[in-house]
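A short write-up of the structure that comes next.
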Amino acid sequence: MSIFTPTNQIRLTNVAVVRMKKGGKRFEIACYKNKVVNWRAGAEKDLDEVLQTHSVFVNVSKGQVAKKDDLTTSFGTDDLTEICKQILAKGELQVSDKERHSQLETMFRDIATIVAEKCVNPETKRPYTVNLIEAAMKDIHYSVKANKSTKQQALEVIRQLKESMEIQRAHMRVRLVLPAKEAKRLKEKLKPLLQVVESEDFDEQLEMVCLVDPGCFREIDELICCETRGRGSLEVLSLKDVEEGDEKF
C-alpha cells in the first residue's frame, strides 16, 4: 500500500531551519547543519552547499511550501533563489535547546583549551590543565557567547581569571638581530617591550635572545622593521616559556 504525500509537501531530515517574518507571514528555508554560519561568515560561497532545496516553506517540519502569491506580495519577487538568499542573510537560525546546549558546552571546552595552551602560572612557569581552567571558568560564572569566536572569548577569560588566580600569558622566546649602527639606540627603545633578556652577542651586529609578551610581538616587529629599514630581524624561537618537559603541543 503506497502512502500519498500531497504535492505541496516536502519531507526533509537532518535539517537546520532559518526563519523570517515578512509582510505579516512566516517563511522558512531548509539548510544543512553548520553551513548557515559558514555562509554568513563568507567561508561558504556555493548556495547549493547551504540549501537542502531551493524552496521556501511556511513550515519546514511539516513540509508545507509557501504560496507563490504570498512570496510575491512579501518579497516583491517569486524568484525562489533570491528569496532564499534574503532569508539566509536576515533570518533567524532555529536551533533546538539540546543542540544549543551541546554547542555551548563544546565552545566552553574549546575556550578552556585555548587558555590552557596560552597561559602559565607566573610563579612556577608551568601550564594549567584544561580541567583546572574549566573549573576556574565555572567559579567566575563565565557565560559562553555563541556569536563570538572562541579566541576572542579566551582573551576575555584570561583577563577575568587574573582577578581570581595567578595566571599570565606564556612568554614567547625570540631572537632579535639589530645592525651595529642602530643597535644601541634601538635597544633602548625596545627595553620596555622585553620581559627578560637571556643573552646578548655583539659582533658585527647585535643579537639578543629575549622573552616577550605575545601581545608586544607586532609592536617589536614593526619597530625593528621601521628603525632598521628592513635590515634587522625578529625570529620566534618558541611560542611558550614553560618549564622543560611541560611544554605540550
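The values are calculated or read from the model by the stated rules, or taken from the named source; none is laboratory data. Here the structure is a predicted model, which is why all the values come from computation and not from measurement. A quick note on method: Cβ atoms are made from the backbone with ideal geometry, for glycine too, and the neighbour counts reach across all protein chains shown. In case anyone asks, the SASA skips ligands and DNA or RNA and just uses the protein heavy atoms, side chains included. Shrake-Rupley method; radii C 1.70, N 1.55, O 1.52, S 1.80 Å.
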Note on the stretch 164-193: residues open to solvent by 30 Å² or more (accessible area, probe 1.4 Å) and in a strand (DSSP E or B) are Gln168, Arg169, Arg173, Arg175
For the stretch 163-175, pairs from a residue that is under 13 Å from Glu198 (Cα atoms) to a residue that is of a type in the set (Ser, Thr, Tyr), with Cβ under 9 Å and 6 or more apart or across chains, are Met172/Ser238; Arg173/Ser238; Val174/Ser238; Arg175/Ser233
Output for Cβ contacts, cut-off 7 Å, separation at least six or different chains, first residue free of Cβ contacts under 8 Å to residues at least 24 places away in the same chain in the stretch 72-96, second part of a loop (DSSP other than H, G, I, E, B), reads Thr72/Asp78
Margin query: Can you find a residue that is under 30 Å from Val144 (Cβ atoms), modelled with pLDDT of 90 or more and not in a loop (DSSP other than H, G, I, E, B) anywhere in the stretch 51-74?
Written below: yes
In the stretch 123-163, residues that are modelled with pLDDT of 90 or more, part of a loop (DSSP other than H, G, I, E, B), within 22 Å of Met107 (Cα to Cα) and open to solvent by 50 Å² or more (accessible area, probe 1.4 Å) total 4
Residues in the stretch 122-148 that are within 24 Å of Asp213 (Cα to Cα) and aromatic (Phe, Trp, Tyr) total 1
